[in-house]
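This report concerns only the one structure given below.
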Amino acid sequence: MRLVLDIALTHVISRVRQTLVGMLGVAMGVGFSVMMAALMEGSQRDFVTQLVDSLPHITVSDERRSPPRQPAEDAYAAVEFSGLRTPVTRAGIKNPYAIIASIESWLDGAVAPSVASRAVIRFAGRDTAANVTGIDPRREAAVSKLPTQIRQGTLDSLYKSSNAIILGDKLAARIGARVGNTITLASGTGQVLTCTVVALLHTGVSQSDETQAFTLIKTAQILAGQTALVNAIRVRVRDILEAREIAARIEAQTGYKSVSWQEANEDLLSAFQIRNFVMYTVVGAILLVASFGTYNIISTITHEKTRDIAIMKSLGLAEGTVRSIFFVEAIVIGLAGTVLGWVLGFLLCLALGTIEFKSPFVDATRLPMYYTPVHYLLAASVALVASGIAGYLPARKAASAHPVEIIRGAS
Amino acid sequence: MSEPQRPLIELRRVTKTIGDGVATTLVRDIDVVIRSGEFVAVTGPSGSGKSSLLYLLGLLDVPTSGEVLVEGRSAGNLGEPERARIRLETLGFVFQFHFLLPEFSALANVTLPMRALGRLDDAAMRKRGEALLASLGLEGQGHKLPGQMSGGQRQRVAIARALANEPHVILADEPTGNLDTRSSEQVLAIFRKLVDETGRAIVMVTHDLDLAARADRQIRVVDGRIVV
């Protein structure tokens, strides 16, 4: 094996330019693959993180996936109902605090009740619609990042004045309200409340910042015209990947519709799968193109070395040994190119990570790069397999050449 | 001159034909025995089949019919790896063009067959390689690349390489064809010495009848047949 390695290395080293071209081909392939994978996965993880942070991991609402069985169905085997009157008020979650206590008894995470309602906010003659969520500030800190997203004031300032409200900063800007201003909330049921803006909120997600407002649960209940209403339970779990299973368990336990963050964003996550497939296809194509460079170089070397191959075979080197020499050359080029590609890929990631990226949907941020050895190993594996195949094919052809024909030709 | 002894290579009614459509017969129905301690010259006009005969003797080529025996063992049923092994252990080749590996030093070229055989350690290979070069008048030249040596020096390196694994037979195809008279004389003297002092057999293909006359035995090939 040392002989094979020595001859292979001598061939590779004595052809500096060809070797460098081959190495650079592999290095570019590996480098850009690593960069692309880091960028794609980084953006995906960043997006998911923002998505998960801006919403509760699980939302238990006062809806049911299928209507509850009516007593008439059991008593009379009825197959159809007609003339049912839709209730005017929201049903809400029955015994919400008992349910919360029950979930807390086994959940590795936190639970908080909330009241979701919609209202029109009026200030200085301007009207705008908003999602008003009634929360329990003490519990809210455990289920969302709301306390860290408050820009002016604090979450606890909701307790400091009656009918206090926290507005999304863009929502406040749209109506021209500031902390300390008094605004009017009008609900769809005709309730009108006067509230004091005690803090502003900035999540970084435009859609939330333009529409979201928070009050105490009691205030939201008054706005909805239903005291004791709790129509949503917000859950935060320690392991976000278990959210789907936990949601299913809560739903089975309570009968209320429990939506995990994965279910809420099913379409988006499917799109990510397609995007990943496209990414790995492109990465594979890049490395395949790079392997053509290796094939070309090993072909050229074997062509130039035809006479040496004949001599080595006439001296008594076995066909397999000769084949190994050129195969090892391809692997050496592939390995050197891979290491160079790792460095190139890492530097590209660092460079891209410094670029500021602006989106209409989220705050300006750096391009999110995800660093993992998996990307490097994956690129290296594909590059080495491609280099191996690219080297093996010409090596096999060269090694099977008949030495007599070559010696005659050389003479 | 040592007495011819045991047969080393034997061709029995060997024919070699090439070409699929229009077949060309390179050697026809040849019987040859090469014995230890003899210096055989193979002569004949161009295209007569001299080199083909040499390649058959050296197991580089496979006969279309007939049998090749190396040290009494038939090579007919051997696969390429076994034939390569016999070449490595028993035979040594010297060609008209030195055919040294250009990126390797003279010493590395000489030790290449030893490394392929793998019987000696690095130090022993180096020592033997240097001794071989010195015995051929190339003392202290082992570090040079073939491109830094004269034609005669390269051919002597090629001879040293052929002797690396102490082969029983040296097969030389026009070894002096590319050399000046002085270098040719040196090569011939080396061959003579090898035969006389070590009992090896040498088969040398040559156009030069004067050189051939200095061999122990001549085989003349015309149109693929032995005529003398």
Would you call residue B:58 surrounded by fewer than 23 Cβ atoms within 10 Å (Cβ to Cβ), among the small types (Gly, Ala, Ser) and within 30 Å of residue A:320 (Cβ to Cβ)?
no
Do any helices (runs of 4 or more DSSP H) lying entirely in the stretch A:238-321 carry at least 2 residues that are of a type in the set (Val, Ile, Thr) and within 28 Å of residue A:381 (Cβ to Cβ), and which ones are they?
A:266-304
Restricting to the stretch B:118-141, give me the number of residues that are modelled with pLDDT under 90, outside any loop (DSSP other than H, G, I, E, B) and within 10 Å of chain A (Cβ to nearest Cβ).
0
Looking only at the stretch A:194-244, how many residues end up being closer than 24 Å to residue A:103 by Cβ, at pLDDT 90 or above and among the small types (Gly, Ala, Ser)?
3
Just to be sure I understand, how many residues within the stretch A:1-55 are within 30 Å of residue A:146 (Cβ to Cβ) and either within 14 Å of chain B (Cβ to nearest Cβ) or assigned to a helix (DSSP H, G or I) (or both)?
14
Checked the stretch A:273-287 for anything among the aliphatic types (A, V, I, L, M) and surrounded by 14 or more Cβ atoms within 10 Å (Cβ to Cβ); matches are A:279, A:282, A:283, A:286, A:287
Is it the case that the stretch A:67-84 has a residue that's touching a residue at least 40 places away in the same chain (Cβ under 8 Å) and assigned to a loop (DSSP other than H, G, I, E, B)?
yes
Inspect the stretch A:265-272 for any residue being buried (at least 24 other Cβ atoms within 10 Å of the Cβ), farther than 30 Å from residue B:99 by Cα and not hydroxyl-bearing (Ser, Thr, Tyr) and give the result as yes or no.
no
Within the stretch B:167-198, residues buried (at least 16 other Cβ atoms within 10 Å of the Cβ) and in a loop (DSSP other than H, G, I, E, B) come out as B:167, B:168, B:174, B:175, B:176, B:177, B:178, B:179
Picking from B:101, B:112, B:88, which residue would you name as being facing another protein chain (nearest Cβ under 7 Å), assigned to a loop (DSSP other than H, G, I, E, B) and among the aliphatic types (A, V, I, L, M)?
B:101
For the stretch A:113-125, check the following and say yes or no: at least one residue is at negative phi, out of contact with any Gly (no Cβ under 9 Å at 6 or more places or on another chain) and in the same structural domain as residue A:240 (by TED's automatic domain parsing).
yes
Give the residue that is nearest to residue B:16 (Cα to Cα), with candidates limited to residues of the stretch B:49-85 that are of a type in the set (D, E, K, R) and outside any strand (DSSP E or B).
B:61
Which one of these is surrounded by fewer than 22 Cβ atoms within 10 Å (Cβ to Cβ) and without any contact (Cβ under 8 Å) to a residue 40 or more places away in the chain: A:253, A:262, A:226, A:221?
A:262
For the stretch A:194-210, indicate whether the set of residues that are assigned by TED's automatic domain parsing to the domain that holds residue A:126, farther than 21 Å from residue A:58 by Cα and free of Cβ contacts under 8 Å to residues at least 12 places away in the same chain is non-empty.
no
For the stretch B:199-221, which positions are out of contact with any strand residue (DSSP E or B) (no Cβ under 9 Å at 6 or more places or on another chain) and surrounded by 15 or more Cβ atoms within 10 Å (Cβ to Cβ)?
B:199
Just to check your reading of the model, which residue among B:65, B:74, B:48 is more than 10 Å from chain A (Cβ to nearest Cβ) and without any contact (Cβ under 8 Å) to a residue 24 or more places away in the chain?
B:74
Please verify whether the stretch A:4-27 includes one or more residues that are among the hydrophobic types (A, V, I, L, M, F, W, C), more than 21 Å from residue A:300 (Cα to Cα) and surrounded by 17 or more Cβ atoms within 10 Å (Cβ to Cβ).
no
Yes/no for residue B:17 being touching a residue at least 60 places away in the same chain (Cβ under 8 Å), part of a strand (DSSP E or B) and either among the hydrophobic types (A, V, I, L, M, F, W, C) or surrounded by fewer than 23 Cβ atoms within 10 Å (Cβ to Cβ) (or both):
no
Within the stretch B:20-45, residues without any contact (Cβ under 8 Å) to a residue 60 or more places away in the chain and part of a loop (DSSP other than H, G, I, E, B) come out as B:20, B:21, B:22, B:23
Identify, please: which residue in the stretch A:355-411 is out of contact with any helix residue (DSSP H, G or I) (no Cβ under 6 Å at 6 or more places or on another chain), at pLDDT 85 or above and not in a helix (DSSP H, G or I) and is, among those, surrounded by the most Cβ atoms within 10 Å (Cβ to Cβ)?
A:371
Single match in B:22, B:27 (criterion: within 14 Å of chain A (Cβ to nearest Cβ) and under 28 Å from residue B:227 (Cα atoms))
B:27
Just wondering, is there one or more residues in the stretch A:288-305 that are within 14 Å of chain B (Cβ to nearest Cβ) and of a type in the set (A, V, I, L, M, F, W, C)?
yes
Of the residues that make up the stretch B:148-157, is at least one within 14 Å of another protein chain (Cβ to nearest Cβ), among the charged types (D, E, K, R) and part of a helix (DSSP H, G or I)?
yes
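The values are calculated or read from the model by the stated rules, or taken from the named source; none is laboratory data. Keep in mind the model is a prediction, meaning the values are calculated, not measured. A quick note on method: Cβ atoms are made from the backbone with ideal geometry, for glycine too, and the neighbour counts reach across all protein chains shown.
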